[in-house]
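Structure first, commentary second.
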Amino acid sequence: MVSLVTCHSSSAIGNGSRGVREADLIMEKMACSFAIRYYPDMANEFAKMHSAGMHSALDWNDLRLVLAIAREGSLSGAARRLGVAHSTVFRRLGTIERTIGTRLFERFRDGYAPTPAGETAAASAARLEDEVLALERKLAGQDLRPSGPVRITTTDTLGAVLMRHLPAMRAAHPEIQPEIAISNTMANLTRREAEIAIRPTPAPSELLVGRRVADIAHAVYGSRAYLARRHDKDLSAHDWIGLDDVLAGTVIAGWMRDNFRSARIACRVDALPALRDAAIAGMGLALLPCYVGDLAPALRRVTPKTLAEPRSALWLLTHDDLKRTARIRATLDFLAKALASERALFEGKRADSARR
């Protein structure tokens with residue numbers, strides 16, 4: 001039953017396997033054989049798909065495509081996830097369904113919904129993906145050389161802090177090429193969307209390992225121009241800049257709900273740099289991390305001392321399977337020291353001359 005699914009290069013989704021180097025194909029076949037040998041559940045997944053009526057050959061790229069459509073609910077979403085054209089996904093799905101003689105998705109105006117056969121295929125593909133990714137992480141963890149790309153994800157506010165230290169990292173480790181992904185969405189390190197995450201969070205996922213670099217302090221800020229015309233000591237009497245629902249899960253949004261639920265909101269923003277910029281423009285008061293607010297010369301702390309709440313911390317995270325990889329270890333060690341050198345900024349303890 002194992003012969004039901006064959007493994008080919010991921011580039012086959014878009015361009016076919018013709019351009020793939022022979023050595024790459026050999027390595028991929030070895031990886032698939034290794035996975036099936038040491039992960040017996042893979043054979044069971046193939047058997048489930050066979051019993052569901054998928055009797056013809058499927059390759060791993062077929063399963064990845066079906067899984068992407070099931071997860072995204074549309075061809076365009078699947079195309080973005082896979083990095084291929086919409087027409088490629090449309091064509092490949094049609095070929096897959098004709099090959100196996102089974103309809104995998106129902107087509108609706110607002111997207112694609114899996115049939116029972118499609119649900120079986122997607123569920124099996126997801127389990128296979130987990131096994132393959134686990135294998136990749138374990139193999140990557142055996143890398144002993146501090147060289148190669150390291151994908152680092154961080155937020156739009158921490159990106160500027162990180163960039164200040166990259167030249168020194170490049171000088172210390174010239175064979176490591178950092179790849180920086182700026183996103184406020186927590187990248188899935190388990191699925192290798194990134195290898196290292198630099199995140200402000202009260203409590204990181206238990207699936208990750210890492211270091212707590214510093215506490216992150218917060219204070220209320222207003223522009224000098226705004227505070228010159230608004231002298232209310234009662235903070236609830238002021239205009240406030242709120243956060244859009246996309247940031248509802250942040251500690252800042254939680255603090256606003258707990259303390260100023262009935263506040264007069266002058267405007268809402270969906271990113272912390274925009275929150276800072278709106279405060280600079282004089283729209284109202286804003287709760288900001290001190291490493292953001294203290295570096296803006298046009299802003300002044302309304303609460304001179306940092307607030308006891310909200311609580312957050314700066315974490316440097318990776319997956320347990322990767323922490324012993326040489327390039328990951330070297331990057332983590334460097335970033336831990338570099339970011340720790342900015343602890344006073346993160347914890348709101350910079351001198352007044354640096355704040356104001």
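Some observations on this one:
- Residues of the range 157-173 that turn out to be outside any helix (DSSP H, G or I) and either open to solvent by 80 Å² or more (accessible area, probe 1.4 Å) or within 30 Å of ASP270 (Cβ to Cβ) (or both), as a count: 2
- Within the range 188-243, the set of residues being more than 29 Å from PHE260 (Cα to Cα), open to solvent by 70 Å² or more (accessible area, probe 1.4 Å) and among the aliphatic types (A, V, I, L, M) comprises just one member, LEU207.
- Listed by first and then second residue, the pairs linking a residue in the range 140-157 that is among the charged types (D, E, K, R) and at pLDDT 90 or above to a residue that is buried (at least 16 other Cβ atoms within 10 Å of the Cβ) and part of a strand (DSSP E or B), with Cβ atoms under 9 Å apart and 6 or more places separating them unless they lie on different chains, are ARG151/PRO178; ARG151/ILE196.
- Scanning the range 242-267 for residues that are of a type in the set (Val, Ile, Thr) and over 18 Å from THR155 (Cβ atoms) turns up just one, ILE265.
- The condition of being closer than 26 Å to THR185 by Cβ, more than 25 Å from the chain's Cα centre (by Cα) and either touching a residue at least 24 places away in the same chain (Cβ under 8 Å) or open to solvent by 70 Å² or more (accessible area, probe 1.4 Å) (or both) holds for LEU295.
- Some residue of the range 109-117 being modelled with pLDDT of 90 or more, surrounded by fewer than 18 Cβ atoms within 10 Å (Cβ to Cβ), of a type outside the set (Gly, Ala, Ser) and more than 24 Å from ASP321 (Cβ to Cβ): yes
- You will find that of ARG355, ARG311, the residue that is more than 26 Å from LEU207 (Cα to Cα) and at pLDDT below 95 is ARG355 and no other.
- Taking the range 182-298 and the helices (runs of 4 or more DSSP H) fully enclosed by it, the elements with 2 or more residues that are under 28 Å from ALA340 (Cα atoms) and touching a helix residue (DSSP H, G or I) at 6+ places or on another chain (Cβ under 8 Å) are at 251-259, 272-280, 290-293.
- Answer residue from the range 244-258, given it is buried (at least 17 other Cβ atoms within 10 Å of the Cβ), in contact (Cβ under 8 Å) with a residue 12 or more places away in the chain and not β-branched (Val, Ile, Thr) and is nearest to PRO310 (Cα to Cα) among those: TRP255
- Every test in (1) modelled with pLDDT under 90; (2) assigned to a helix (DSSP H, G or I); (3) farther than 30 Å from LEU322 by Cβ is passed by PHE90 save one, and that test is (1).
- Residue identified as assigned to a strand (DSSP E or B) and either closer than 20 Å to LEU158 by Cα or of a type in the set (Ser, Thr, Tyr) (or both) among ALA313, ALA338: ALA313
Results for (1) basic (Lys, Arg); (2) within 20 Å of ARG301 (Cβ to Cβ); (3) in contact with a strand residue (DSSP E or B) (Cβ under 8 Å, 6 or more places away or on another chain); (4) without any contact (Cβ under 8 Å) to a residue 24 or more places away in the chain, shown as yes or no for each residue.
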| residue | (1), (2), (3), (4) |
| --- | --- |
| ILE198 | no, no, yes, no |
| ALA203 | no, no, no, yes |
| VAL213 | no, no, yes, no |
| VAL220 | no, yes, yes, no |
| ALA228 | no, yes, no, yes |
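- Residues located in the range 75-89, provided they are touching a residue at least 12 places away in the same chain (Cβ under 8 Å) and more than 21 Å from the chain's Cα centre (by Cα): LEU75, ALA85, THR88, VAL89
- Pair list, Cβ under 6 Å, 6 or more apart: the range 314-343 residue within 15 Å of ARG199 (Cβ to Cβ), other residue among the small types (Gly, Ala, Ser): LEU314/ALA214; TRP315/GLY210; LEU316/GLY210; LEU316/ALA336; LEU317/ALA197; LEU317/GLY210
- ARG71 being without any contact (Cβ under 8 Å) to a residue 24 or more places away in the chain and over 30 Å from ARG324 (Cβ atoms): no
The values are calculated or read from the model by the stated rules, or taken from the named source; none is laboratory data. This one's a predicted model, so the numbers in the text were calculated from it and none came from an experiment. Cβ sites come from the backbone with ideal geometry, for glycine too, and all protein chains shown count toward neighbours. These area figures cover heavy atoms from the full protein model, side chains too; ligands, DNA and RNA do not enter into them. Shrake-Rupley method; radii C 1.70, N 1.55, O 1.52, S 1.80 Å.
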